[in-house]
Amino acid sequence: MKYLLDIYFNKTKGWYPFFKYCPKRYQDYYLRKKASDFLGYNYDDKNPKTLNEKIRWLIFNEKKDLKTKLTDKILLKSYIADKLGPHHSAEIFGIWDKFEDIDFSSLPNSFALKANHGYKMNIIVKNKTFIYRHYKQLRNMTNNWLKVNFGFCNLEPQYYGIKRQLFAEYMRKDSYNNIRGEYKVHCFNEEPLYIELLVKSNEYFYHFYNTNWQLQQFSIDKHPPASITGIEKPIFLDEMLKYSKALAKGLSYVRIDFVYSENSLQIVEMTFTPWAGFMPFKPLSFDYELGNILKLPAL
């Protein structure tokens with residue numbers, strides 16, 4: 001069995017659907033092997049020291065039911081409304097169990113069609129004629145999304161219990177000072193500490209800032225730093241940090257993603273295992289420095 005799994009792992013490099021078929025007794029071994037290969041150090045989430053290792057430890061040892069609820073992109077909206085009040089996330093127009101259930105005549109001409117349970121499962125519809133022209137293709141694509149239990153991609157248990165659904169929401173126009181970007185607030189032990197600015201252009205670029213909007217000397221290794229320099233402090237920084245602190249209450253670690261859309265700060269998602277706990281920091285020493293900041297709760 002191990003010999004065959006080694007062959008399959010090498011073929012897939014541990015990406016989906018490897019863990020869907022990997023027997024449970026081998027899953028920890030291959031998860032650590034995959035993380036070690038990707039990050040370049042001996043990954044050990046059982047005795048965690050780096051931020052990535054501690055993120056992985058937390059997902060198996062802290063508040064599993066709550067994290068499943070907050071990972072569900074539909075249920076998250078009610079949580080945000082309870083904590084912050086209404087109008088802090090994009091309006092939902094409808095929720096369906098499969099594509100064939102959608103009555104497109106009831107939807108506005110433009111919207112975002114998404115799945116609630118995974119990554120890169122969204123379609124931007126600028127005009128409904130697009131749906132009618134590509135109905136069969138879109139039906140197959142979205143129903144294939146619903147077949148995927150995203151937890152098996154990298155053994156992220158917060159995804160296992162999500163009821164997989166499609167939903168349509170208001171299509172935001174994300175821009176601030178002519179920069180299309182997401183502001184991802186990393187919260188450690190209930191406190192927002194770092195803001196990851198993901199700039200969207202032809203490629204993705206990253207900057208990291210502290211809460212005083214001072215540029216930090218680390219980045220994500222697989223993506224270059226943003227070519228845009230001198231990005232001024234956003235006018236909504238204090239508001240974003242206030243919301244982050246409220247939403248992070250009771251959580252050891254969470255990343256909260258924001259966009260600034262039409263003069264309003266909107267929350268997109270809450271993430272407990274960014275990069276599945278394999279964030280490739282550059283330089284690598286910051287994985288250890290950030291790991292020192294994050295304090296794990298006693299079991």
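Enumerate the amide H contacts of Tyr43 below 5 Å, restricted to partners 5 or more residues apart or on another chain; note that Pro and chain-start residues carry no placed amide H.
For Tyr43, the qualifying residues are Ser36.
P(r) of segment 1-41 in 10 Å steps, Cα pairs, percent per bin?
Pairs per bin, as whole percents: 31, 61, 9.
Run a plain Debye calculation on the chain (Cα atoms as equal point scatterers, no solvent) and give log10 I(q)/I(0) at q = 0.09, 0.12, 0.15 Å⁻¹, rounded to two decimals, same order as the q list.
-0.47, -0.87, -1.34
State the extension gain, in nm to one decimal, for the chain segment bounded by Leu107 and Leu193, taking 0.36 nm per residue of separation less the distance between their alpha-carbons.
Computed gain between Leu107 and Leu193 is 27.0 nm.
Separation between the Lys173 and Lys11 pseudo-spin-labels, each 7 Å from Cα along Cα→Cβ, expressed in nm?
Between Lys173 and Lys11, the simple spin-label model gives 4.9 nm.
Under a straight-distance cross-link criterion of Cα-Cα below 16 Å, which lysines are reachable from Lys77, leaving out those fewer than 8 residues away in the same chain?
Straight-line reach from Lys77, under 16 Å: Lys67, Lys69, Lys114, Lys163.
Run the simple label-point estimate for Ile124 and Lys242 please: 7 Å along Cα→C-beta, distance reported in nm.
That separation, rounded to one decimal, is 3.0 nm.
Can you give me the convex hull volume of the Cα atoms of segment 91-169, divided per residue and expressed in Å³?
Output value, Cα hull per residue: 85 Å³.
Over segment 1-112, calculate the relative contact order: mean separation of alpha carbon pairs under 8 Å at least 6 apart, over the residue count, as a percent.
Reported as a whole number, the value is 9 percent.
What length, rounded to one decimal in nm, is gained on full extension from Met1 through to Tyr29, with 0.36 nm per residue of separation minus their alpha-carbon distance?
Contour length minus Cα-Cα distance gives 8.7 nm.
Count the net charge of all other residues whose Cβ sits under 12 Å from the Cβ of Tyr135, scoring Lys and Arg as +1 and Asp and Glu as -1.
+3
Each value in this text was obtained by applying a stated rule to the coordinates, not by laboratory testing. Keep in mind that what you see is a predicted model, and the values were worked out from it rather than measured. All Cβ positions, even for glycine, are placed from backbone atoms using ideal geometry, and neighbour counts span all protein chains on display.
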